[in-house]
Amino acid sequence: MTTRGINAVAATAALVLAAFGPIPSGAASPHGRTAGPGPAAPARFVSGRCPKTPEPIAALSTARCGFLEVPENRARAGGRTIRLAVAVVPAASAKPAADPVVFMAGGPGGETFDDIPFLVDSGLNRDRALIIMAQRGNLYSRPNLACPELDRFYAEYVGLGHDAPRAERLMLDSVKKCRKRLAADGIDLSAYNTTENAADFAGLRTALGIPQWNVYGYSYGSDLALTYLRRHPQGIRAVAIDSVTPPQIATLPWTWSSAREGIENLLKACAAEPRCGSRYPDLRHTLAEQVRRLEAQPLTLNARPPRGGDPVKVVLDGGALLNLLVANAVPAPDVPAALEELARGRPERFARARAADSVQVVGKTAHGLTESVACGEWVPGSTPSDLLNAGRRAFPGWPGTVLAQAPQLPFQHRVCRVWDVPDRTSAQRVATVSTVPALIVSGTFDTKTGASWARSAARTLSRSTSVRIPGIGHWVVPQSPCAQRVLASFLARPAMPDTDCVAGLTPKPFTITPK
């Protein structure tokens, strides 16, 4: 990155940010409460220091930071104001393009600033400035909808059965405590949704005085990006979505079809690779057999977390095994070997992967945003029976106790009865129809947002280009140099991205262990 390039963009950003004066009377306090009554003010940007992250982020040393002030609930005049953390990372180029890229993180509730190194390493700020905003409720925004109660539960969950009564009881108790605490602080949990999230980004563009920008979002960020494009198309030059979650199909039962597709693609890839197929024949049968065996007779053992620390108690049952696969907790090239070892009485790889969750960074994830979105937009309209039936369609013959819980979203129907936010499906489960150029990037091993769902998004995006990257799981661009080149070409020429590098790509070789 050249000094000249940094200075040029920083100077431009300084002019933009300098246009906003001190926080006015009635703006948010550090706790997000309004100082007085009156109508909700439009979004405005206030310059400030970059967040102090636990690990230094090099890109923040040259970034311009601050807060976007927005109404918490735009439907309530005179309501409280909240503040969203923003960073403008300058372009590496000495002659950057005028249209920056704004990033929409996954989750919902994922820590956004943690993603900056992956974005920079992927070249997102090579030719244009990169704008990061922590979504409402996220870490570094105010208020922060963290739930330390749930972080502590998830650390303990590794030593419990995936659907054990004690696990359910502890989780629901944690959810109740978090909700009660946030509500007592005056937070309107119903306002933490994708519609308000999208309006925040629309407000950011106008507050920064940016005529036109590009949008890049992954996972939940793709749901948000499509909602933003549908509701606020002004000023959007191009949209790139990675590991796509089309809003119209984002429901709790949908998680099973994505899990099935990603796992099935991985097993097929092993069978198609001569060395893997020969060494690990009929992995589909091996997986089903191990799920059934562990669900009938769970393993309890001590395992050391992958990054070190004391051994912890872990329980491996059928549901835990399935969730480890969906979470990509074992790297895809190692999955066949890990399954074969498990079948031979060596569960260490999966046990270590499960032990990793015993180390939770308390307060990092905004579970309050997670649950408000999930319970308002994804869960309504389905029953526990619908979820179980979707699991049975995905994995016929597997135990019902495994299939009754959505992958990575245990006890979600009961959680949502506790969380108690309004049903927003009529506003949110809507396809985005647009002529704005769009790039859709998917990974064939994605077990969270199956690659085939890109077609649902593309169907109503008339100027879209879709690419599938073989052998890659969730959040493709940081993992694939080819996807990075495709995205760069799309940002340079949205109507004609260069996708040539995709042809001939194959998954990484699978790990072959001695017999």
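For this structure, a couple of remarks:
- Modelled spin-label separation between D310 and A58, with each label point placed 7 Å from Cα along the Cα-to-Cβ direction: 3.7 nm.
- Of all DSSP bridge pairs formed entirely within the chain, close to 50 percent run antiparallel.
- For the chain, Cys with no neighbouring Cys Cβ under 4.7 Å: none
- Residue-wise HN-Hα couplings along the stretch 428-435, as the Karplus relation 6.51 cos²θ - 1.76 cosθ + 1.60 with θ = phi - 60° gives them from phi, are 9, 7, 10, 5, 8, 9, 7, 9 Hz; Gly and Pro carry x.
- Accessible area (Å², per residue) of the stretch 315-403, counting only protein heavy atoms and a probe of 1.4 Å: 35 Å²
- Scanning residues 5 or more positions from I82 or on other chains, those with amide H under 5 Å from its amide H are V70, E72, with H placed 1.01 Å from N in the peptide plane.
- Loop-located trypsin sites (Lys or Arg not before Pro) in the stretch 50-96, at most 11 other Cβ atoms within 10 Å (DSSP): K52
- Set of lysines with alpha-carbon distance to K508 below 17 Å, sequence-local pairs under 8 removed: K268
- Helical runs (DSSP H, four residues minimum) scored at -39500 (n - 2.57) apiece and divided by the length of the chain put the mean residue ellipticity at 222 nm at -11000 deg cm²/dmol.
- Per residue, the stretch 78-172 exposes 28 Å² of accessible surface when a 1.4 Å probe is rolled over the protein heavy atoms with every protein chain present.
- Here the accessible area of the chain is 54 percent carbon and sulfur, with a 1.4 angstrom probe and all protein chains present.
- P(r) histogram, all alpha-carbon pairs of the chain included - 20 Å bins from 0, percent: 22, 56, 21, 1
- Spacing of the modelled spin labels on A164 and Q408, each 7 Å from Cα toward Cβ, amounts to 2.4 nm.
- Here the dipole of the stretch 338-401 is about 280 debye; that uses its Cα centre as origin and unit charges on the Cβ of Lys and Arg (positive) and Asp and Glu (negative).
- Rounded to whole Å, sorted largest first: equivalent-ellipsoid semi-axes of the stretch 141-222, Cα gyration tensor: 35, 17, 10
- Distance (nanometres) between label positions extended 7 Å along Cα→Cβ at D500 and D423: 5.3 nm
- Sequence ranges 409-416, 397-404, 136-143, ranked by mean other-Cβ count within 10 angstrom, highest first: 136-143, 409-416, 397-404
- Within straight-line cross-link reach of K515, lysines at Cα separation under 19 Å, skipping those fewer than 8 residues along the same chain: none
- Rounded to whole Hz, the Karplus (6.51, -1.76, 1.60) HN-Hα couplings of the stretch 70-84, x for glycine and proline: 9, x, 5, 10, 5, 7, 10, 4, x, x, 6, 10, 10, 10, 10
- Reach of K313 by Cα under 25 Å, taken over lysines that are not fewer than 8 positions away in the same chain: K364
The values are calculated or read from the model by the stated rules, or taken from the named source; none is laboratory data. The shown structure was predicted, so the numbers you read here are calculated from the model rather than taken from an experiment. Note that we place each Cβ from the backbone using ideal geometry, even for glycine, and neighbour counts take in every protein chain shown. With ligands, DNA and RNA removed, areas are computed over all heavy atoms of the protein, side chains included. Shrake-Rupley method; radii C 1.70, N 1.55, O 1.52, S 1.80 Å.
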